Amino acid sequence: MNGEAEEVLGCRGRIKLLKALMAAQRSGYAASISKLTAATRLKRWNVERHLEILLKLGWVEEVHTPEGRRFRLKENRKVEAARKLFKELGEV
């Protein structure tokens, strides 16, 4: 086991960020760091650090738009499993 579950789900900040990204996707948009900072109430540098980890692990992708950098969850089995878990727990 490579510890990816612990890396992603073992941190309250990353869980908040995942939930904020899920909410953004339900609304049909990729989120800016500013929007994610407001939604999670984390400091900007924490959001950036968590995004870096989630990007590296393949859970999040960066999208370049005319307005700037945006982030969204990737569509893959890991993200879908987390979405199902959060839904089952009533978190999203």
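The values are calculated or read from the model by the stated rules, or taken from the named source; none is laboratory data. Predicted, not measured: the structure shown is a model, and the values here were computed from it. Reconstructed Cβ throughout: ideal geometry from the backbone, glycine too, with neighbour counts over all protein chains shown. For accessibility, only protein heavy atoms count, side chains too; no ligands or nucleic acids. Shrake-Rupley method; radii C 1.70, N 1.55, O 1.52, S 1.80 Å.
Compared with the dominant Cα axis of the chain, that is its longest principal axis, helix 44-57 is turned about 60°.
Amide H to amide H distances under 5 Å link F71 with A31, S32, V63, where only residues 5 or more positions off or on other chains count and H is placed in the peptide plane.
What's the longest uninterrupted piece of the chain once you rule out the GluC sites (Glu not before Pro) that are loop residues per DSSP with at most 11 other Cβ within 10 Å?
Formally, the longest exposed-site-free interval is 1-66.
Atom-type composition of the exposed protein surface of the chain places 50 percent of the accessible area on carbon and sulfur (1.4 angstrom probe).
In degrees from 0 to 90, rounded to the nearest 10, what is the angle of the helix 77-88 Cα long axis to the longest principal axis of the chain? The angle comes out near 80 degrees.
To two decimal places, what compactness ratio does the chain give when its Cα radius of gyration is scaled by 2.2 N^0.38 Å?
Working: Rg = 12.3 Å, N = 92, 2.2 N^0.38 = 12.3 Å.
Against the empirical 2.2 N^0.38 Å value, I get 1.01 for the chain.
Pairs of Cα atoms nearer than 8 Å and 6+ residues apart set the relative contact order; for the chain it is 27 percent.
With θ taken as phi - 60° and the Karplus curve 6.51 cos²θ - 1.76 cosθ + 1.60 applied, the whole-hertz 3J(HN,Hα) list for the stretch 10-25 is x, 10, 4, x, 5, 5, 4, 5, 4, 5, 5, 5, 5, 5, 4, 5 Hz, x standing for glycine and proline.
Rounded to the nearest 20 debye, the dipole magnitude of the chain is 300 debye, with +1 charges on Lys and Arg beta carbons, -1 on Asp and Glu beta carbons, and the Cα centre as origin.
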